[in-house]
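Some notes on the structure that comes next.
Just so it is clear, none of the values below were taken in a lab; they were calculated from the coordinates. Treat the numbers as computed from the prediction; the structure is a model and nothing was measured. Note that each Cβ is placed from the backbone with ideal geometry, even for glycine, and that neighbours are counted across all protein chains shown.
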């Protein structure tokens, strides 16, 4: 798959990829059923073919039907998407990204969440000193 990941995908293709990352694997029918404002079933199948040609997904045959899976694992895709977001919206600043995330979710963070984040920051500080 190309290094630019989701950036070379249409809105519908990204929507299909999001469904596959959430479910892990799915048939065309299942994907069609999960799509908001879904196009025709035939259009979904055509998009799946395109995604396969682009190298984003693959299929396995199970009981006379195709089951589609992402080629790149969810964790790798998540890292790539986050890297792109940090670069695009925060000028590459991890500090600004974290500040925005904390601002966005401050009301939803409990003491345990904040303690866990503090431990992660401390671990990153130690790792940076090596």
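Expected output is a single nm value to one decimal: the length gained when fully extending between residue 88 and residue 126, i.e. 0.36 nm times separation in residues minus the C-alpha distance. What is it?
Stretched out fully, the residue 88 to residue 126 stretch lengthens by 10.9 nm.
What number, in nm² with one decimal, is the all-direction average of the projected area of the convex hull of the alpha-carbon atoms of the range 74-129?
Numbers: hull surface 18.8 nm².
Taking a quarter of the hull surface, the average projection is 4.7 nm².
When 113, 75 are ordered from fewest to most other Cβ atoms inside 10 Å of their Cβ, what list results?
75, 113
What ranking of 68, 41 emerges when the number of other C-beta atoms within 10 Å of each C-beta is taken as an exposure proxy, fewest first? If you can, show how the numbers build up before the last one.
Details: 68 22, 41 13.
Listing 68, 41 from fewest to most nearby Cβ atoms yields 41, 68.
Arrange the following residues from fewest to most other Cβ atoms within 10 Å of their Cβ: 32, 59, 84.
Fewest-to-most Cβ neighbours within 10 Å comes out as 84, 59, 32.
Treating the Cα atoms of the range 5-70 as identical point scatterers in vacuum, please give the log10 of the normalised Debye intensity I(q)/I(0) at q = 0.21, 0.24, 0.27, 0.29 Å⁻¹, two decimals.
Those come out to -0.78, -1.05, -1.36, -1.57, one per q.
For the chain, find the longest principal axis of its Cα atoms and tell me its angle to the long axis of helix 11-23, 0 to 90°, nearest 10.
The answer is roughly 80 degrees.
Can you give me the distance in nm between label points at residue 22 and residue 118, each placed 7 Å from the Cα along the Cα-to-Cβ direction?
3.5
May I ask for the equivalent-ellipsoid semi-axes of the range 1-127, computed as the square root of five times each C-alpha gyration tensor eigenvalue and listed largest first in whole Å?
Working through the eigenvalues yields semi-axes of 35, 16, 15 Å.
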